[in-house]
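Below is one structure; the comments refer to it alone.
The values are calculated or read from the model by the stated rules, or taken from the named source; none is laboratory data. Quick caveat, the model's predicted, so the values are computed rather than measured. Side chains included, ligands, DNA and RNA excluded: accessible areas come from the protein's heavy atoms. Shrake-Rupley method; radii C 1.70, N 1.55, O 1.52, S 1.80 Å.
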Amino acid sequence: YSAPPRAVPAVPTAEAVLDATLVASVDTLGASTGGVYLVDPADGAQACVAARGFAPDVVARFGRLPADAPVPTTDVVRTGAPVVLASPAAMAAAYPPLAPVWAAMATEALLVVPLFGPAADGGVTRAIGTLGLGFAAAHAFDGAAQEFAAAVARQASIALERLRLFEAERAARAAAERANLAKSQFLASMSHELR
């Protein structure tokens, strides 16, 4: 008896990982909106790579944030610490210019946690993005809610790093195969010339 061949599981995309992160976070914690931003290593700006519950015009308006934008997600990336705002008053006090935006979106509480990854030089980890959750009512964020969001963010970070390593390995293998083919072609050509 031989077992039937097993299908090789498809490698998830970064988009699938981040969508799953949002679903787990938004649904489990009862958030009304969620977004994942990743830092562009070229200029430090952050791009919204996954969003849930936002109107398209909001995603368009806040889809790319300069590194120095005065918003929670850039503060989280800069400090590596979560931003927890449990009420409209706390949100308005921390980020006064955003109060009208949050009021228009009916967001009354906010939790933003960092996604961590390796530094460009392979050294100490750094914040590579954020997972942000908005709530339609003031929310007393207990330790369990914050820890759950942080745990989901850690898992997403690990999955993204594994995808990055997989793609790097795939690219290195393809380069090695091209080099091997070029070497074989060169040797075949030299052998022909020598004959």
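Expected output is a single nm value to one decimal: the length gained when fully extending between ALA103 and ALA67, i.e. 0.36 nm times separation in residues minus the C-alpha distance. What is it?
Details: separation 36, 0.36 × 36 = 12.96 nm, distance 2.41 nm.
Extra length from ALA103 to ALA67 when fully extended: 10.5 nm.
The solvent-accessible area of THR125, taken with every protein chain present and a 1.4 Å probe, is close to 90 Å². Ligands, DNA and RNA left out, the 1.4 Å accessible surface of the chain is 63% carbon and sulfur atoms.
Against the chain, whose longest principal axis comes from its Cα atoms, helix 143-194 is set at around 20 degrees. Per residue, the solvent-accessible area of segment 40-126 (1.4 Å probe, heavy atoms of protein chains only, all protein chains present) comes to 52 Å².
Relative contact order of the chain: what whole-number percent is it, with Cα pairs under 8 angstrom and at least 6 residues apart? Each step should come with its number before you reach the end.
On the way: 268 pairs, mean separation 40.0, N = 195.
Computed over the chain, the figure is 21 percent.
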